[in-house]
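Data block below; observations after.
What follows draws every value from the coordinates through simple rules; no lab data is involved. In this text, all values refer to a predicted model and were calculated from it rather than measured experimentally. Virtual Cβ from ideal backbone geometry, glycine too; neighbours counted across all protein chains shown.
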Amino acid sequence: MSAPLIVAIDGPSGAGKSSAARALAVRLGVPYIDTGAMYRAVGLAARDRGILLPIEDAEAVASIARHARIELIPDAAGNRVHLDGRDISEEIRRPEISLYASAVSAIPAVRRSLVAEQQRLGRERGGVMEGRDIGTRVFPETPFKFFLTADPGVRAERRAAELSARGTPQPLETVRREMEQRDRDDGSRADSPLTLDGRYVLIDSTGRPLEAVVAEIERRVREAI
Ligand code: DC
């Protein structure tokens, strides 16, 4: 039997990764795996235990990541996310949890736990996997690596629209500041920073409809299969 198909979609927040990865997974008939949701789940669990930012006790968070039962449950809109049996899908999208997710993701022991789980999920049934380090660390051997990005102003507007749609609107300036902070942190941490190397196909979604982005990725994957 051939190895399951893994498509890596990496890139900064607001680049359109989630929408593109979800649609692509449906077209390719493989699971959609939102790895950012797993870091968000650990961030939420840390916040619920009263851990403050910046994180001082990395070992406490590593222990949370080792013991938390994080499940990604497919549904029509992507993944529902359960933490120890509780549905946290909405809660983890709050801006505060974005900052927690980014902070916990810089802890190497947290990454080790989550990367191992992501590799297990991918080996089982393949998938379109969305994140920051899928093509560099989680599945470096996949030939299908896409780096999705967009102009920072456009990314901030998308994030702001998303937050409004979820009922937690934020001023555009605040969204942009937090996004830039997260871009800096995710791109500069020592362990598996977001990195664009020559093995990725770079796709800039600025001014392009989602449909066109998905069609381009699908075409490239099918041509290469
Ligand atoms: O994609 P997202 O915004 O839901 O991700 C939340 C945070 O999790 C992001 O700021 C960085 C981290 N993350 C990561 O370090 N590695 C991944 N593969 C996915 C997300």
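Values of log10 I(q)/I(0) for segment 1-116 across q = 0.15, 0.17, 0.21 Å⁻¹ run -0.68, -0.85, -1.21, by the Debye formula with one identical scatterer at each alpha carbon and no solvent. The per residue volume of the convex hull around the alpha-carbon atoms of the chain is 121 Å³. Only Lys, Arg, Asp and Glu carry charge here, each on its Cβ (+1 for the first two, -1 for the last two); on that basis the chain has a dipole of about 360 debye about its Cα centre. DSSP assigns beta bridges within the chain; of those with both partners inside it, close to 35 percent run antiparallel. Given contacts defined as C-alpha pairs under 8 Å and at least six residues apart, what's the relative contact order of segment 94-225, whole-number percent? Normalised by residue count, the contact order of segment 94-225 is 32 percent. Amide H contacts under 5 Å for SER105: none, restricted to partners 5 or more places along the chain or on a different chain, H placed in the peptide plane at 1.01 Å from N.
Distance from the Cα centroid of segment 163-225 to that of segment 55-91 is 22 Å (rounded to whole angstrom). Counting beta carbons within 10 Å around each of ASP183, ASP151, ASP133 and listing the fewest first gives the order ASP151, ASP183, ASP133. Around the amide H of GLY127, modelled in the peptide plane, lie the amide H atoms of LEU5, ILE6, VAL7, all under 5 Å away and 5 or more residues distant in sequence or on another chain.
In plain terms, if you count all Cα to Cα distances in segment 181-225 and split them into 5 Å steps from zero, the share in each step is 5, 17, 16, 18, 20, 14, 9, 1 percent. Pairs of alpha carbons in segment 89-140 separated by more than 13 Å make up 64% of all such pairs.
Within segment 141-214, the proportion of C-alpha pairs whose separation exceeds 20 Å stands at 45%. Dipole size of segment 132-188 about its Cα centre, with +1 on Lys/Arg Cβ and -1 on Asp/Glu Cβ: approximately 100 debye, rounded to the nearest 20.
The fewest-to-most ranking of LEU202, LEU121, LEU24 by surrounding Cβ atoms within 10 Å reads LEU202, LEU121, LEU24. Positive-end ranking of ILE92, GLN119, VAL42 along the dipole of the chain, with charges on Cβ about the Cα centre, is headed by GLN119.
Our summary gives the chain a relative contact order of 33 percent, counting only alpha carbon pairs under 8 angstrom and 6 or more residues apart. The HN-Hα couplings worked out from phi for segment 127-135 by the Karplus form 6.51 cos²θ - 1.76 cosθ + 1.60 (θ = phi - 60°) are x, 9, 10, 10, x, 10, 10, 5, x Hz, whole numbers, x standing for Gly and Pro.
Going from the residue with the fewest nearby Cβ atoms within 10 Å to the one with the most, SER2, SER188, SER113 rank SER2, SER188, SER113.
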